[in-house]
Amino acid sequence: MMDISTELLGQNLDNPLMNASGVHCRSYKELEELMSSAAGSLVTKSATIERRMGNPEPRYSATPLGSINSMGLPNEGYEYYLEYAKKHDYKKKPLFVSLAGLSLEDNLKMVLAFKETGLPCILEVNFSCPNVPGKPQLGYDIEAMERALHKIAEAYGKPFGVKLPPYFDIAHFDQVAEVLNGVELVEFVTCINSIGNALVVDTESESVVIKPKNGFGGIGGDYVLPTALANVNAFYRRCPKKKVIGCGGVKSGNEVFQHILCGASIVQIGTALYEEGPELFERVTKEFQEIMQRKGYNSLKDFRGKVKTM
Ligand code: DHB
């Protein structure tokens with residue numbers, strides 16, 4: 001009776017939950033564990049052209065309110081994820097592939113390689129990695145992002161999505177939405193990546209808690225939920241022809257419900273998945289269904305985007 005299915009780019013997801021890119025998705029083993037979990041879909045670790053070891057450890061640390069990380073794009077190189085995409089069982093779940101080229105040329109090379117395969121995997125181009133020393137996030141250079149989006153759309157020629165950093169000013173929501181609305185092939189936006197370049201300090205040791213970049217890293221978890229909901233809703237309101245994937249601060253059914261109420265069609269989970277592992281999807285799905293049942297909702301469209309204002 002209760003239907004929690006959702007749809008993106010003509011592909012059906014039985015369940016709106018999936019991992020956030022970067023968490024539990026670097027190796028085939030991890031991707032296969034997501035395939036056998038209750039998640040409705042999955043996304044790969046952001047790929048670069050070459051395999052990367054990433055930044056020195058410790059590079060992730062959990063805190064009582066979330067996490068901080070500066071992984072530095074450790075990944076197996078795009079050809080590894082392209083091979084996975086060839087083996088993936090698309091009848092079971094859609095597959096997203098995250099791309100984070102270190103230059104526009106790298107991104108163009110990767111999207112062309114995926115285009116050539118003709119596979120139905122969905123590209124999520126990441127303009128928001130905060131952790132590569134010397135490489136600012138393209139998402140905060142709106143003109144450079146606009147140029148890149150047009151070039152990528154032209155090269156790829158198929159619908160795709162963009163992973164954005166959080167924005168904190170209404171003028172920035174307006175400017176970024178205008179850029180996105182100018183690129184028809186951008187069919188979805190994933191909001192948000194971690195809040196970049198935060199600093200967690202431990203009083204006892206009088207030290208930062210991760211090694212790269214003098215302790216600076218992206219934060220996720222409880223710290224970011226209101227920022228994530230604001231970004232989801234800001235782009236949901238401004239981009240009526242696009243879909244929004246919500247990401248940030250989800251650890252139970254409650255935050256899934258809030259993301260969808262703000263306009264999300266799919267909800268990704270990062271920090272909580274890192275801490276709990278893929279069994280989390282069963283728990284969160286159950287909690288979310290209980291909230292829908294209590295409120296008498298039968299499908300996501302009954303409440304998607306319907307957050308009330310005063
Ligand atoms: C990494 C972190 C990110 O937030 C991201 O979008 C891509 C990569 C990383 O440090 O590996």
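Nothing in this text is a laboratory measurement; each read-out follows from the coordinates by a stated rule. Because the structure is predicted, anything quoted here is derived from the model rather than measured. Every residue, glycine among them, receives a Cβ derived from its backbone with ideal geometry; neighbour counts consider all protein chains shown.
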Practice problem: Give me the percent of DSSP beta bridges within the stretch 178-310 that run antiparallel, rounded to the nearest 5. | Solution: 40
Quiz item: Summing Lys, Arg as +1 and Asp, Glu as -1, what charge do residues with Cβ under 12 Å from the Cβ of Lys242 carry, Lys242 excluded?
Solution: +2
Exercise. Please give the length that would be gained between Arg238 and Ser205 if that part of the chain were fully extended, namely 0.36 nm times their separation in residues minus their C-alpha to C-alpha distance (nm, one decimal).
Key: 7.3 nm
Quiz item: When the dipole is taken about the Cα centre of the chain, and only Lys, Arg (+1) and Asp, Glu (-1) are charged at their Cβ, what size is it in debye, to the nearest 20?
Solution: 600
Quiz prompt | Loop-exposed trypsin sites (Lys or Arg not before Pro) per DSSP, neighbour cap 13 Cβ within 10 angstrom, longest uninterrupted part of the chain | solution = 93-240
Quiz prompt | Qualifying GluC sites (Glu not before Pro) for the stretch 212-305 [loop in DSSP, other Cβ within 10 Å: at most 15] | solution = Glu279
Exercise. Tell me what the chain gives for mean residue ellipticity at 222 nm when only DSSP H runs of n ≥ 4 count, each as -39,500 (n - 2.57), the sum divided by the residue total, rounded to 500 deg cm²/dmol.
Key: -10500 deg cm²/dmol
Practice problem: Could you pull out every one of the lysines with an alpha carbon less than 25 Å from that of Lys86, ignoring same-chain neighbours closer than 8 positions? | Solution: Lys29, Lys45, Lys109, Lys115, Lys158, Lys163
Quiz item: Hey, got a sec? Which chymotrypsin sites (Phe, Trp or Tyr not before Pro) in the stretch 141-198 land in a DSSP loop and have at most 16 other Cβ atoms within 10 Å?
Solution: Phe168
Practice problem: Determine, from the Cβ-Cβ distance of Ala62 and Asn181 and an R0 of 45 Å, the FRET efficiency 1/(1 + (r/R0)^6), rounded to the nearest 0.05. | Solution: 0.75
Exercise. Starting from 0 in steps of 5 Å, tell me what percent of the Cα-Cα pairs of the stretch 1-125 lands in each bin.
Key: 2, 10, 20, 22, 19, 14, 9, 4, 1, 0
Quiz item: Which value, in debye to the nearest 20, describes the size of the charge dipole of the stretch 39-89 about its Cα centre when Lys and Arg Cβ atoms bear +1, Asp and Glu Cβ atoms bear -1, and nothing else is charged?
Solution: 80
Quiz item: For the chain, max minus min Cα coordinate along each principal axis, in Å, sorted largest first?
Solution: 53, 50, 42
Quiz item: Counting Lys +1, Arg +1, Asp -1, Glu -1, what net charge surrounds Pro165 among other residues with beta carbon under 14 Å of its beta carbon?
Solution: -1
Exercise. Would you please classify the overall shape of the stretch 102-211 from the alpha carbon gyration tensor, given that a ≥ b ≥ c denote the square roots of the eigenvalues, rounded means a/c under 1.5, and beyond that prolate means a/b larger than b/c while oblate covers the rest?
Key: prolate
